[in-house]
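Worksheet for the structure shown next.
What follows is calculated from the coordinates using simple rules that are stated; it is not laboratory data. Values in this document were obtained by computation on a predicted structure and should not be read as measured data. With ideal geometry, Cβ positions are generated from the backbone for all residues, glycine too; neighbour counts draw on all protein chains shown.
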Amino acid sequence: MAKKLSKESFSRILRQLHSESLPYEPPIYPPEAAWEKIGKRSIVYKAWKKAAKLKGQIDIYIHIPFCKTICNFCGLSSGKLISPAGLDKYLDALNLEAGMYASSIFPRKITGIRIGGGTPSLFSAAQIRRLFGIVYKHFELEKNSRALSQGGIVFEANPEFLTLPKLKALKENNVNWIIMGVQSLDDNVIRLANRVQKAAHVKRAYENARKVGIKNIACDIMYGLNGQTEESFMGDIRTLASWRPNAVIVFGFTPTSRTSFSRHGGIITHERWRAIAATVKKGLRALESIGYNNVDDAEDYWRVLGGPEETNYTYTYDEKDDEGDWHSVLGLGAGALSVAYKNLRYQNTCALSDYMTKLKHGHLPVDRGATLTNEINMINYMVLSFVNCGGVSDKEFKREFGLSLKTKFKAKLEDLTSRGIIKHEKGRYTVNANRERVIFEISFAFFEDSVVERLRSKFNIK
Ligand SMILES: C[S@@+](CC[C@H](N)C(=O)[O-])C[C@H]1O[C@@H](n2cnc3c(N)ncnc32)[C@H](O)[C@@H]1O
Ligand code: SF4
């Protein structure tokens, strides 16, 4: 329990942490802001060797941090587009980086590939083939994995750049999910967001993706953008649903500190926030009423909705696979995040020039991270379980750590139960308060003093 800090100061720490992340990002422990520099590459290799011996899947995530323009709502940190020649250089660097890992996680085969960004669809068809060539040269994909049969080869795409030749290159390389950033079908809303696509691009890209036989298509749509009305959002939902994408992912605009909206002084009042949330819910209800089923019940603010022909949609980070094991994710590319499950979390250096230079000189481009001790793994498990999964059972905890939950966290669980934050029934502790309160109380109870201290000093909180 964070003893040295008042609840008020701790709440300021949490506010600062949340201002930097989107609501759908899992509440990982220790938070990125408390990570430290990773000095030696042997730390990374050792972590992967150990993680590769565990049962859970290993996915590859490749980050493409380039965008044609920066959308003013965007809560991610992406660099600007470099020239097409620059994209080839980036592929050279990815090739070097992948080569530096391949032997350390050998002989484990990988179970999924996700290419995200940024804007991976800026690559030409030839560059897409090269990118997958790099992955398949260095890593072997599990032949009978869900990745191939269902949906583990994922490509995020901005529709305006998603041409037929690129789609053919994606299909050739077994891509079976395309996540399309639709955001809005109102051209004026899109223009105000500093984005170049038109609704006509979206429709064409969607139809072409179906034409080449991409198995699953998901559409991201947002509410709360400048110039957007509830009517236009609800109309977009109906139009999108009539195309029958395999999933519709609805986001309420969240003004994280990274958005250009916030950096230019934009503020969302509590009333506006609540109104956005209410309209997002309306959109979700409308989707449910026409056959989409909500496949993510734990979270209040965003939902992934699977269509009637939905095959498993998985987000790569901090998610359990079908067997109930958590994924490891090897992140490649500038700014990419990695989780060598139960051993290490870390981030690559974000600055593109540093990333390229390090690789050119034979160094791993890693920047900061956190070693995952057994204690940290247990705390992360508790935070994730309560905040994202609604609770945790004695049995699940025992299976994961070989310890009794009640014994390990006796005092904390008793305290949280006696104050009505959680309840204990039939061997399971479940949340018993609203999400905001649960996040606060669980974090306050479980965060270690050393982590709180680092956060406090980083955010300059007394
Ligand atoms: C990883 S981003 C990549 C999107 C992709 N580059 C595009 O623009 O189509 C995934 C999704 O997060 C959502 N998103 C981005 N910024 C957001 C914010 N500030 N609040 C809520 N959702 C956001 C958008 O719907 C976006 O499509
Ligand atoms: S929303 Fe997509 S295209 Fe727009 S800035 Fe963010 S990552 Fe780039």
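In the chain, taking the dipole from charged Cβ atoms about the Cα centre, the farthest positive-side position among G181, F397, L162 is held by F397. Taking amide H atoms as placed 1.01 Å from N in the peptide plane, the amide H of R114 lies under 5 Å from those of I60, Y61, I62, V154, each 5 or more residues away in sequence or on another chain.
Loop by DSSP (not H, G, I, E, B), at most 14 other beta-carbon atoms within 10 Å: where is the longest site-free stretch of the chain for GluC sites (Glu not before Pro)? That gives 141-308 as the longest site-free run. Summarising the strand pairing of the chain, around 45 percent of its internal DSSP beta bridges are antiparallel. In the chain, the calculated helix contribution to ellipticity at 222 nm averages -13000 deg cm²/dmol per residue, counting -39,500 (n - 2.57) for every DSSP H run with n ≥ 4. Applying the Karplus relation 6.51 cos²θ - 1.76 cosθ + 1.60 with θ = phi - 60° to the stretch 249-256 yields 3J(HN,Hα) values of 10, 9, 10, x, 4, 10, x, 5 Hz, where x marks Gly and Pro. Annotation: the chain has a Kirkwood hydrodynamic radius of 23.1 angstrom, from the mean reciprocal C-alpha pair distance. Amide hydrogen proximity for H327: with H placed 1.01 Å from N in the peptide plane, the residues at 5 or more positions away or on another chain lying under 5 Å are D318, E319, D321. Counting only residues at least eight positions apart within a chain, or on another chain, the lysines with an alpha carbon under 26 Å from that of K166 are K68, K80, K89, K137, K143, K198, K203, K211, K215.
Relative to the Cα centre, the charge distribution of the chain, modelled as +1 at Lys and Arg Cβ and -1 at Asp and Glu Cβ, gives a dipole magnitude of about 860 debye. For L141, the residues whose modelled amide H falls within less than 5 Å of its own, excluding neighbours fewer than 5 places apart on the same chain, are I110. Judged by a Cβ-Cβ distance under 4.7 Å, the unpaired cysteines of the chain are C67, C219, C350, C389. Sequence-ordered 3J(HN,Hα) estimates for the stretch 396-412 from the Karplus curve with 6.51, -1.76 and 1.60 and θ = phi - 60° stand at 4, 5, 5, 4, 7, 10, x, 10, 7, 4, 4, 6, 4, 10, 3, 5, 5 Hz, glycine and proline given as x.
In the chain, a dipole from Cβ-located charges (positive for Lys and Arg, negative for Asp and Glu) runs towards its positive end, and of F444, P84, I249 it is P84 whose Cα lies farthest in that direction. If both residues of a DSSP beta bridge must be in the stretch 34-306, then about 20% of such bridges are antiparallel.
Along the stretch 181-187 the Karplus relation, 6.51 cos²θ - 1.76 cosθ + 1.60 evaluated at θ = phi - 60°, assigns HN-Hα couplings of x, 7, 6, 7, 9, 9, 4 Hz to successive residues, with x for each Gly and Pro.
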